Amino acid sequence: MVLSSAASTGTASSATGVTATDVSGGSDLLPLHPFELPGDPLSPNRNLAPITTRINGLGALEVGGCQLSELAHRYGTPLYVLDEATLRATCRAYRQALERFYPGPSLALYASKANSSLAISALVASEGLGLDAVSAGELLTALGGGMPPERMVLHGNNKSAEELELAVARGVTVVVDNWNDLELLAAIAPARSSRVRLLVRFTPGIECHTHEYIRTGHLDSKFGFDPDQLEAVLRHLAECPWADLDGLHAHIGSQIFELEPHRDLAGVMADALQLARSLGHRCSDLNVGGGLGIRYVAGDDPPSIEDWVRTVSEAVVSACSQRGLALPRLLCEPGRSLVATAGVTLYSVGSRKAITGLRTYLSVDGGMSDNPRPITYQSQYTAVLADRPLAPATEMVTLAGKHCESGDVLLKNLALPAAASGDVLAVFATGAYNASMSSNYNRIPRPAAVLVSDGGADLIQRREQPEDLLRYDVLPSRLSSLS
Ligand SMILES: *Cc1c(COP(=O)(O)O)cnc(C)c1O
């Protein structure tokens, strides 16, 4: 059960059991109510809802001890809610699994592109994790949140000279992606007394799809050096007095449910490690990237964090011992699996359009600007009414956003109890790649974000105001005089 304390309210799952099948008579989508799933408090990526999700005495949904509809009234909607306990539990799951299954030193780095803010950086830093940044903005956000630079790396397939300078000046490790990075760094580095710490990223030739993967010699990817180039890069770096090659990096994909590709990656990386060390590089770090999937809908069944870390650890240990290599420090870069399940987005229900015999649209006050994943990737989500999460469903609706795109649909075929204008709707698993991919399409301001914990809520991102969106517009005076 996700709702471990729900049973004590006497409601729990007996009142549920309403499925898409009940109202549509045939669909096998979303067969389970989110709270009927077996929950996994030790691996939040396997749950639909944050680990603190409860039904309170009023029958309303609470996260982090805060009633969600109450948060919606206090902070407005759309609202990103982030559960501190879930985020901390996930950080600990990674750290503890690495300590348990990897016999050498290790560090999990949060891939901050999943959701970058001062508060999240501070939380992740306080749990002892590091962080990966892909831009000056993510880098400054992490530093501003107190993330120690020595636990950070800078990624990117087209880093600017300014971004590289910032990383080098702050002592952040640079993940070299291409020859351009090396040329820019060579121009920056000699002016400094200390060496620049580097990882080299290469394309491992392992491509993942959700339920299968293929291996090819050369991958069509914009990231990292082609494996063919690796030896030349390593030889070149051996001649660069300004460079310290700390290790190697590879990342195979995202929302991955298989463990096999990660196991194979260890062998490919150990070969590269052997080559680097044979050329005189210390190469003490092996960074295997991120990619572990999460549960967005009932049918998703990702591996646990523990199983992922155990698989990666055992594979690295065995690949190194087969080649007689001293164990590297093991780095990994979870993004989605670290933060997605901690997030819930609240919307207010607005207009309704029933097309007889076809579809009922229920519109909310957000959409593709605060969650571009459905329109971009056809991603699926799970949602309930915040104050009646266990009420029997009476209709099937399509949850539409408010943007001027027909494709701005957050959820298709959602079984809901009769919802009226003003009801608060909670969409789960929105902590990753929602806020960070948000836009101002239609000049819609970005939502506020609150962090909930033990019954308290802290604002961590202020709501944008329509006026804020004019801040960078410039009206040339010859145009303003026209009116
Ligand atoms: C996106 C990315 C990650 C994180 O991926 P998730 O699927 O969110 O875990 C880690 N490392 C690199 C280099 C990435 O590009």
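When you restrict to C-alpha pairs under 8 Å that are six or more residues apart and normalise by the size of the chain, the relative contact order lands at 20 percent. The angle separating the long axis of helix 179-188 from the principal Cα axis of greatest extent in the chain is about 70 degrees. Ligands, DNA and RNA left out, the 1.4 Å accessible surface of the chain is 50% carbon and sulfur atoms. With a Förster radius of 56 Å applied to the C-beta separation of residue 195 and residue 479, the computed FRET efficiency comes to 0.60. The phi torsions of the range 463-478, fed into the Karplus equation with coefficients 6.51, -1.76 and 1.60 and a -60° offset, translate into couplings of 5, 5, 10, x, 5, 4, 6, 8, 4, 9, 7, 10, 9, x, 4, 5 Hz, rounded to whole numbers, with Gly and Pro shown as x. Which of the listed residues, 428, 309, 250, is farthest toward the dipole's positive end in the chain, when Lys, Arg count +1 and Asp, Glu count -1 at the beta-carbon? Value: 428. Rounded, prolate or oblate: which fits the range 364-460, taking a ≥ b ≥ c as square roots of the Cα gyration tensor eigenvalues, rounded meaning a/c under 1.5, else prolate when a/b beats b/c? Oblate.
Distance between the pseudo-spin-label points of residue 442 and residue 352 (7 Å out from Cα toward the beta carbon): 2.0 nm.
Once the Cα atoms are used to define both axes, helix 84-101 deviates from the longest principal axis of the chain by about 40 degrees.
Label sites at residue 99 and residue 229, each approximated as a point 7 angstrom past Cα along Cα to Cβ, lie 4.0 nm apart. When the square roots of the Cα gyration tensor eigenvalues are ordered a ≥ b ≥ c, the ratio a/c for the range 155-334 is 1.5 or more and a/b exceeds b/c, which makes its shape prolate. At full extension, residue 420 and residue 468 could sit 14.2 nm farther apart than now, given 0.36 nm per residue minus the alpha carbon distance.
Close amide-amide hydrogen proximity is noted between residue 152 and 131, 173, each under 5 Å apart and 5 or more residues distant or on a separate chain (H modeled in the peptide plane; Pro and chain starts excluded). Taking amide H as placed 1.01 Å from N in the peptide plane, the amide H of residue 393 sits under 5 Å from that of 18, each at least 5 places away or on another chain. How about residue 159: which lysines have a C-alpha closer than 23 Å to its C-alpha, ignoring those fewer than 8 places off in the same chain? Counting by Cα, and skipping residues close in sequence, residue 159 has these lysines nearby: 113, 222.
Computed about its Cα centre, the charge dipole of the range 155-334 is approximately 680 debye, with only Lys, Arg, Asp and Glu carrying charge at their Cβ.
Solvent-accessible area per residue in the chain equals 41 Å², computed with a 1.4 angstrom probe and all protein chains kept. In sequence order, the range 66-71 has phi-based couplings of 10, 5, 5, 5, 5, 4 Hz under the Karplus curve 6.51 cos²θ - 1.76 cosθ + 1.60, θ = phi - 60°, and Gly or Pro positions carry x.
Our note on the geometry: Cα centres of the range 71-143 and the range 353-368, 35 Å apart. Couplings 3J(HN,Hα) of the range 241-255, computed from phi: x, 8, 10, 10, 7, 6, x, 10, 9, 8, 9, 9, x, 9, 6 Hz, in residue order, whole Hz [Karplus 6.51 cos²θ - 1.76 cosθ + 1.60, θ = phi - 60°; x for Gly and Pro]. Listed by chain and number, the lysines placed with their C-alpha closer than 20 angstrom to that of residue 402 are 353, 412; residues fewer than eight positions away on the same chain are left out. Residues whose amide H lies under 5 Å from that of residue 109, counting only those 5 or more places away or on a different chain, are 130, 332, 333; hydrogens are built 1.01 Å from N in the peptide plane.
The values are calculated or read from the model by the stated rules, or taken from the named source; none is laboratory data. Model, not experiment: these values are computed from the prediction. A quick note on method: Cβ atoms are made from the backbone with ideal geometry, for glycine too, and the neighbour counts reach across all protein chains shown. Note: areas computed on protein heavy atoms with side chains; ligands, DNA, RNA excluded. Shrake-Rupley method; radii C 1.70, N 1.55, O 1.52, S 1.80 Å.
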